[in-house]
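Here the structure comes first, spelled out in structure tokens, and everything after it is commentary.
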Amino acid sequence: MGFRIIQKDGNARYGILDTKSGSVETPLFLPVASQATVKTMPPDVLKKIGVNAVISNTYHLHLRPGENIIKKMGGIHKFMNFDGIIFTDSGGFQVYSLSDLKKVTEEGIEFKSHIDGKKIFFTPEKVIEIQSDIGSDVMMVLDECPPYPVTYEYAKESLNLTLKWAERSKRFFNQKFKGKRAKPLLFGIGQGSVYIDLRREGIERLKEFDFDGYAIGGLAVGEPKDYRERVVSEILPFYPEEKPRYLMGVGYPEDIFFSVKNGVDIFDCVLPTRNARTGLVFTSRGKLRIKNAKYTDDVLPLDPDCECYVCTHFTRAYIRHLFQAEEYLSLYLATYHSLFFFSRLMERIREAIREKRLEKFEKEFFSKYSIQE
Ligand SMILES: [Zn+2]
């Protein structure tokens, strides 16, 4: 188990991540399945689209249905009937973004459930326990995700807390899974907001704990794009070369290309799914808002260059009609296409790295794809 880099093209890497539920190729994009479902997508369809890994969420599953129920049902793979690889986020980000009433102490985070207001206390150890009960293949440590913008002093204090929690998480994980054969992977999360020296100090410390992989957390929280790009390009050289690198919450195709070229291996983002449900889909020409009146009698598919089920069977006019009539099928069809688009994009990126022609593929991709809407 672990991570193997098979081919490099510049700083971009093609690799294989081995987990207790099988292996997956990187660079990899994880669709978000917070509630143990990629919204509107049955798992057999996910597999057909080429989605072999998703990310679920500790915070959401702890609140509902509760990890005890999932454990009783044989773990998350059986519960949601998905035999691919399941990452789980620790919940640090959700506590930060969903729960107004939270109190962070050295011991952990106290917060109120956004569902029923019940008081809950997360510690680094508790979050490992919950992810273990869920049956996660790749666990994330509990971190504190500072908002943007944030002062240097706050970011520094927050980073110190995240590092203490990372150390506790790893120690607890090692005790819990000592001698076990099929154990999950545990990833550490680098923080430090937009301050490069803090991020660098953070990753140097995290490396000492020898995690199975390392994430860049705390980005895509509203910072300007050039700040994010600076963090990615300047901080990745300090990440361990031989371990997988995971950029959390990113992103758009242009962000994926930029980050892959800087050595990122794993991404997750709600973009293809959440946007699809509002009628915004990704195509080889760029973003397309299917609700736009100009598609009322358009006989073309969502993306004329796409071979997916949706694009080979339905017109823009029909899908627009479904959205206008608020038919549930609209959500399924739009999500299906956008996930297929991301899945295919990652597949082509992997192919290009293997054949050492990523720059060329990027130029080819953006000769058609427009970042503007
Ligand atoms: Zn399509």
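The values are calculated or read from the model by the stated rules, or taken from the named source; none is laboratory data. The model shown is predicted, which means the values in this text are computed figures rather than measured ones. Every residue, glycine as well, gets a Cβ built from its backbone with ideal geometry; the counts of neighbours run over all protein chains shown. We work out accessible area using only protein heavy atoms, side chains counted, and drop any ligands, DNA or RNA first. Shrake-Rupley method; radii C 1.70, N 1.55, O 1.52, S 1.80 Å.
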Exercise for the section: For the stretch 304-363, please list each of the helices (runs of 4 or more DSSP H) lying entirely inside it that holds at least 2 residues being touching a strand residue (DSSP E or B) at 6+ places or on another chain (Cβ under 8 Å) and away from the ligand (no atom under 16 Å from the Cβ). Expected result: 328-354
Practice task
Using the structure shown, decide if N52 is open to solvent by 30 Å² or more (accessible area, probe 1.4 Å), among the polar types (S, T, N, Q), farther than 29 Å from L333 by Cβ and at pLDDT 95 or above.
Solution key: no
Practice task
Test L288 against the stated conditions and say whether it is at pLDDT 95 or above, buried (at least 16 other Cβ atoms within 10 Å of the Cβ), part of a loop (DSSP other than H, G, I, E, B) and within 16 Å of the ligand (Cβ to nearest atom).
Solution key: no
Practice task
Among the numbered conditions (1) of a type in the set (A, V, I, L, M); (2) under 20 Å from R350 (Cβ atoms); (3) modelled with pLDDT under 95, tell me where V221 comes up short.
Solution key: (2)
Practice task
For the stretch 192-238, enumerate the residues that are among the aromatic types (F, W, Y) and assigned to a helix (DSSP H, G or I).
Solution key: Y227, F238
Exercise for the section: Please tell me if G75 is at positive phi and without any contact (Cβ under 8 Å) to a residue 12 or more places away in the chain. Expected result: no
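Let's see how each residue does on (1) closer than 24 Å to G249 by Cβ; (2) part of a loop (DSSP other than H, G, I, E, B):
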| site | (1), (2) |
| --- | --- |
| D83 | no, yes |
| T88 | yes, no |
| F93 | yes, no |
| S97 | yes, no |
| D100 | yes, yes |
| F111 | yes, no |
| G117 | no, yes |
Problem - Filtered residue count, the stretch 11-27, keeping only those that are within 18 Å of Y246 (Cα to Cα) and either surrounded by fewer than 22 Cβ atoms within 10 Å (Cβ to Cβ) or among the small types (G, A, S) (or both) - result: 8
Exercise for the section: Would you please list the contacts, defined by Cβ atoms under 6 Å and residues six or more apart or on different chains, that run from a residue in the stretch 303-321 that is modelled with pLDDT of 95 or more to a residue that is within 7 Å of the ligand (Cβ to nearest atom) and part of a loop (DSSP other than H, G, I, E, B)? Expected result: C311/P301; C311/L302; C311/D303
Practice task
Name the single residue, out of those in the stretch 291-303 being of a type outside the set (V, I, T), away from the ligand (no atom under 12 Å from the Cβ) and assigned to a loop (DSSP other than H, G, I, E, B), that is least open to solvent (accessible area, probe 1.4 Å).
Solution key: D298
Exercise for the section: Inspect all residues belonging to the stretch 318-334 and state whether any of them is surrounded by fewer than 16 Cβ atoms within 10 Å (Cβ to Cβ) and of a type in the set (S, T, N, Q). Expected result: yes
